Amino acid sequence: MININILKPTSSNFQTYLYIGSALIFLGIFDVFLRSFFNINYLTFLPDSLNLFFPLIIGLIGLQMIRLEYSGNRLVDKINQNINNNSFNAGLTLIIIFLTLLIIPPALDWMILEATISGDTKEACVATEGACWTYIKVWFRRFMYGMYPNDFHWRINTAFIVLIAFAFVGYFMRGKLKNYITFYYAILYPIIAFIIINFLISGGSFGLEWVETNAWGGLSLTFIVSFFGLIFCFPLGMILALGRRSELPIIKYISIGYIEFWRGVPLITVLFMSSVMFPMFLPSDAFVDKLIRVIAAIILFEAAYVAEVIRGGLQALPRGQYDAAKSLGMGYWKMQIFVILPQALKLVIPGIANTFLALVKDTPLIFVVGLSEVVGMLQMAKTNPKWLGYAMEGYIFASILFWAICYAMSKYSQYLELKYKTER
Amino acid sequence: MSESIIQMKEVNKWFGDFQVLKDINLEVKEKQKIVVCGPSGSGKSTLIRCINRLEEHQKGQIIVDGNELSEKTKDIEKIRAEVGMVFQQFNLFPHLSILDNCTLAPIWVKKTPKKKAEEFAMKQLEQVQIADQASKFPGQLSGGQQQRAALARALCMEPKIMLFDEPTSALDPEMIKEVLDAMVNLAKAGMTMIVVTHEMGFAKEVADEVVFMDEGMIVERAKTNDFFANPKNERTKLFLSQIL
């Protein structure tokens, strides 16, 4: 490269170089900022190609000028170590900064400045180039509750509030009750949840009108499917993981067979089977609700994944833990419950969180059997003749919803990891 | 001091094709202290792991406190509860505090009420002088403290026999003494002990008899004084000359 030595700072002249370099970097970024936000280009006198690359070139020169090891300035040192350690990285950094600057104004325009949320019809959106949040507003109840009758939405809300309240019962268990906390969450809570959902959301008794599960949908259905999926696939997966490591050949091979079978088939086929094939095996007068069949299919499917994650944790434990538990006279179950599983489960929290996030994000697949949770409702709304052409808004809305749910779950798993962390 | 509490007759064991134990005959009487020594890979650990059936022997007979150990033994947990064991790597449960480590088995295996179990555990922890560490977790303790906690944990089951599998081999030299002291105290209290160790000082101090093993066989068994003063077997002599 030409003149590379002139651009190299030394510790004696570094101050001067730092001023000039920073000024050049600032100029480069400021130029892109002006072009992007205000559409002003002061460099039109330059030839086209040079005009385009000018900010990048002066930015690179600027970064080159401040690149000195142990400059004595902590900020500069940090920049040099992380993003300015060679010309390639410096270039990438500048390009990323420029692209961000270029993307922000149009995105901001579309999402907020030019967007509409007023009115109740498509006409409100015709005049503008921006996003049509009116569409989300009008369809909001459908996205949340599906085709569930509008008058009964309070039933879903009440059910969820009661369920959340019951979820917090564990925090208030003190003294002797504390011994039953696992029993409560593993067995009692799912039963309570089922009863509440059955009586409040499904209805049919206590003067509440019956609403068939076909009408359920939207985000509330996402929650119901994920909720039962999560709480049941975990214990089943745990048993399968133990089964696969069992010394009894029958149990071992049944577990292996189960896990390998369910891991080998795609979820979408499993859902199809549950709704199309499964009823054929039942006696003609027996009837299992479609939603229950679908949830059962998801549980059976995800349990295989959970099992393998937990098995990973079991295998990570040193053999000495088993020896110690056995030498104290513990039988198989006592050893597993008090010594092995608490340690193994702690190890696999990240893996379990992974599987659970995947489960939540797999719920939209239930559309193949005609159940429409939030993405399913989106599909329905976007093909509605009155509201054609607003798919983008819908997808962004769904993305934000799913992201918020999954991020919360991820944060919670990190909290658990920290809470149960012990030194080995 | 008459009845044998442990009897091993013609015990053989293989790991695959490799024979680890060859025709082991060993009798241990109540309150006897036996030290097992020998070069590594000679089957010492496997021998004592067979006594509480952490390893299964394939041929021969092992009788512990009147119960024969075999595939048919139904209440193996009951026998194990009477045989305490201390491991080379301590094997404390890292997710439980020291006190919980000590009370877990008494509460769930022996069905001792929690309060009583905790009192007894504290007494045992005092014996090994780490009562002040009771609420800490194993990871926060030094190796010597962990090994003493492991000893207390085993004693909380009130075992009739104690097995030690190289209890000081994983410790720093300055911590070995505190563990050995705790073991000496236990020996003086009259516990039946089988100790696999290279600590010949400990053997001389407490052992009634020393067993020397090599290549899966018991090469020599003698009263402690005889063993060190005039070993009969050539192999024993060589071993002693190297280790002393």
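The values are calculated or read from the model by the stated rules, or taken from the named source; none is laboratory data. All values derive from a computational prediction rather than experimental measurement. Backbone-built Cβ (ideal geometry, glycine too); neighbour counts: all protein chains shown. We work out accessible area using only protein heavy atoms, side chains counted, and drop any ligands, DNA or RNA first. Shrake-Rupley method; radii C 1.70, N 1.55, O 1.52, S 1.80 Å.
Where only protein heavy atoms count, and the probe is 1.4 Å, what is the accessible area per residue for the stretch A:2-113 in Å²?
Numbers: 7450 Å² over 112 residues.
Accessible area per residue, the stretch A:2-113: 67 Å².
Mind telling me which of B:Asn52, B:Asn185, B:Asn233 comes out most flexible in a GNM of chain B, alpha-carbon contacts under 10 Å?
In the Gaussian network model the winner is B:Asn233.
With N residues in the protein assembly as shown, what two-decimal value do you get for its Cα radius of gyration over 2.2 N^0.38 Å?
Numbers: Rg = 35.8 Å, N = 668, 2.2 N^0.38 = 26.1 Å.
Taking N as the residue count of the protein assembly as shown, the ratio is 1.37.
For the stretch A:315-391, state what percent of all Cα-Cα pairs lands in each successive 10 Å bin, counting from 0 Å until the bin that includes the largest distance.
P(r) over the stretch A:315-391, rounded to whole percents: 16, 25, 17, 15, 13, 10, 4, 0.
Using only protein heavy atoms and a 1.4 angstrom probe, determine the accessible area buried between B and A, summed over both sides, in Å² to the nearest 100.
Adding both sides of the contact gives about 2000 Å².
Output wanted: per-residue J couplings in Hz (rounded whole) for the stretch B:83-98, from phi through Karplus 6.51 cos²θ - 1.76 cosθ + 1.60, θ = phi - 60°, x for Gly and Pro.
10, x, 9, 10, 9, 4, 9, 6, 6, 5, 7, x, 8, 10, 5, 4
Please identify, among A:Ala398, A:Ala23, A:Ala381, the residue showing maximal mean-square fluctuation in a Gaussian network model of chain A using a 10 angstrom Cα cutoff.
With Cα springs under 10 Å in chain A, the top fluctuation among A:Ala398, A:Ala23, A:Ala381 is at A:Ala23.
What does DSSP give for chain B in terms of the percent of beta bridges that are antiparallel, rounded to the nearest 5?
Numbers: 21 of 38 bridges.
In chain B, approximately 55 percent of DSSP beta bridges are antiparallel ones.
Return the loop-located chymotrypsin sites (Phe, Trp or Tyr not before Pro) in the stretch A:378-424 (DSSP other than H, G, I, E, B) with at most 15 other Cβ atoms within 10 Å of their own Cβ; answer none if there are none. It would help to have the intermediate numbers written out before the result.
Numbers: sites: A:Trp387, A:Tyr390, A:Tyr395, A:Phe397, A:Phe402, A:Trp403, A:Tyr407, A:Tyr412, A:Tyr415, A:Tyr420; in loops: A:Tyr390, A:Tyr420.
Filter output for the stretch A:378-424: A:Tyr420.
So what are the ³J(HN,Hα) numbers for the stretch A:99-112, from phi and the Karplus equation (6.51, -1.76, 1.60; θ = phi - 60°), rounded to whole Hz, Gly and Pro as x?
Those phi angles translate into 4, 4, 4, 6, 7, 4, x, x, 5, 4, 3, 5, 7, 10 Hz.
Just to check I understand the Karplus step: with θ = phi - 60° and J = 6.51 cos²θ - 1.76 cosθ + 1.60, what whole-Hz values come out for the stretch A:354-367, glycine and proline as x?
Result, rounded to whole Hz: 4, 5, 5, 4, 4, 4, 4, 6, 7, 4, x, 4, 5, 4.
Around B:Lys31, under 14 Å between beta carbons, what's the net of Lys plus Arg minus Asp minus Glu among the other residues?
Spelling it out: positives minus negatives among the neighbours equals -2.
Which residues of the stretch B:101-147 end up with at least 30 Å² less accessible area in the presence of all protein chains than when their chain stands alone, using a 1.4 Å probe?
B:Leu104, B:Ala105, B:Trp108, B:Val109, B:Gly139
Might you tell me the accessible area per residue for chain B, computed with a 1.4 Å probe and given in Å²? The partial results should precede the final answer.
Details: 11070 Å² over 244 residues.
Heavy-atom SASA per residue in chain B reads 45 Å².
Using only the alpha-carbon atoms, how far is helix B:234-243 inclined from the longest principal axis of chain B? Give it as 0 to 90 degrees, nearest 10.
40 degrees
Can you give me the Kirkwood hydrodynamic radius for the stretch A:2-113, using every pair of distinct Cα atoms, in Å to one decimal?
So the Kirkwood estimate lands at 15.1 Å.
For chain A, can you list the cysteines whose C-beta has no other cysteine C-beta under 4.7 Å from it?
Unpaired cysteines in chain A: A:Cys233, A:Cys406.
When chain A is modelled as a GNM with alpha-carbon springs shorter than 10 Å, which of A:Phe228, A:Phe261, A:Phe281 fluctuates the most?
A:Phe281
Taking a cut-off of 18 Å between Cα atoms, list the lysines near A:Lys176, but don't count ones fewer than 8 places away on the same chain.
B:Lys111, B:Lys114, B:Lys115, B:Lys116
So, in Å, what gap is there between the alpha-carbon centers of the stretch A:176-221 and the stretch B:129-158?
After rounding, the separation between the Cα centres reads 46 Å.
Quick one: with all protein chains in place, what share of the accessible area of the protein assembly as shown is carbon or sulfur, to the nearest percent (1.4 Å probe)?
62 percent
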